[in-house]
1. Listed residues 163, 121; which is touching a helix residue (DSSP H, G or I) at 6+ places or on another chain (Cβ under 7 Å) and farther than 29 Å from residue 200 by Cβ?
2. So if I check each of 184, 235, 190, 194, which one is open to solvent by less than 30 Å² (accessible area, probe 1.4 Å), touching a residue at least 60 places away in the same chain (Cβ under 8 Å) and farther than 24 Å from residue 103 by Cβ?
3. Does region 23-36 include one or more residues that are in a helix (DSSP H, G or I), touching a Leu at 6+ places or on another chain (Cβ under 6 Å) and either without any contact (Cβ under 8 Å) to a residue 24 or more places away in the chain or under 21 Å from residue 80 (Cβ atoms) (or both)?
4. Every residue in region 5-22 that is in a loop (DSSP other than H, G, I, E, B), under 19 Å from residue 62 (Cβ atoms) and over 14 Å from the mean Cα position of the chain (by Cα), please.
5. Got a sec? Which of 153, 110, 162, 93 is open to solvent by less than 10 Å² (accessible area, probe 1.4 Å), more than 19 Å from residue 218 (Cα to Cα) and in contact with a His (Cβ under 7 Å, 6 or more places away or on another chain)?
6. Where residues in region 53-90 are open to solvent by less than 10 Å² (accessible area, probe 1.4 Å) and in a helix (DSSP H, G or I), which of them is farthest from residue 6 (Cα to Cα)?
Amino acid sequence: MRNDYIAILETGVPPAGLDATYGTYADMFAQLLASEGRSFKVFKTLAGELPEQDENLKGVVITGSPAGVYEDDPWIAALMDWLRALDTETPVVGICFGHQVMAQAWGGHVEKSHKGWGIGLHEYEVQAHDLWQELAGAGATRIACAVTHQDQVVKKPENAIVLAGSDFTPHGALYYTQRKGLSFQCHPEFCEDFASDLLISRRGIRIDPALVDQALTTLKKPSQRHDLLGAISKFLSA
């Protein structure tokens, strides 16, 4: 009997206390991407766990993390080696750190941005309109979603198309052409309440209070997070 599954690579965890209310990042994805016949396995990649690359692995989701892909932690290097060795027909979705580590592993470059923190609800302009229509079934020219990051993809891999971006984050979403890869700098898995509580937990500790207060007001605006989640779900099933 086949035991096909989608691997969720957990590369970070919510701040203490928020996981009790909202679950882990892996929990969020497993709930939001659940569908009939779809099975998930969570791998604590932060602790060095990675899936076997066999016929049962039908897709990969890489979560966000406070780590930087340029750091010298062994688990980050192991993850990038794992990604380089992965069958190009296996769909991979990356979010925030996942977006960055895919780019870094596959020929791009990531740095801590001189622009500082990106937080709150950011808008990306869709650049590959036909592709976005195919993925999301939505004809929007701009997509808004919660973000929280300092690092950015500053050079995209040659085999990646910019799906959407902004002046602040030019490589906000990438689609890979020579393998099955889709990634977003933003966080479609974050509901408004979690995104707000996460920012509040970092207010005055990691991020300037005034910037947090400004960002909190933007989270009240409409988001297209469910369009992004729909695109991710469709991509994983392709």
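The values are calculated or read from the model by the stated rules, or taken from the named source; none is laboratory data. Because the structure is predicted, anything quoted here is derived from the model rather than measured. Glycine also receives a Cβ, built like all others from the backbone with ideal geometry; neighbour counts cover every protein chain displayed. Only protein heavy atoms, including side chains, enter the accessible area calculation; ligands, DNA and RNA are left aside. Shrake-Rupley method; radii C 1.70, N 1.55, O 1.52, S 1.80 Å.
1. One residue alone meets the criteria, 163.
2. Of 184, 235, 190, 194, the one residue that is open to solvent by less than 30 Å² (accessible area, probe 1.4 Å), touching a residue at least 60 places away in the same chain (Cβ under 8 Å) and farther than 24 Å from residue 103 by Cβ is 194.
3. No, region 23-36 contains no residue that is in a helix (DSSP H, G or I), touching a Leu at 6+ places or on another chain (Cβ under 6 Å) and either without any contact (Cβ under 8 Å) to a residue 24 or more places away in the chain or under 21 Å from residue 80 (Cβ atoms) (or both).
4. Hit for region 5-22 is 14, nothing else.
5. 153
6. Across region 53-90, the extreme among qualifying residues is 76.
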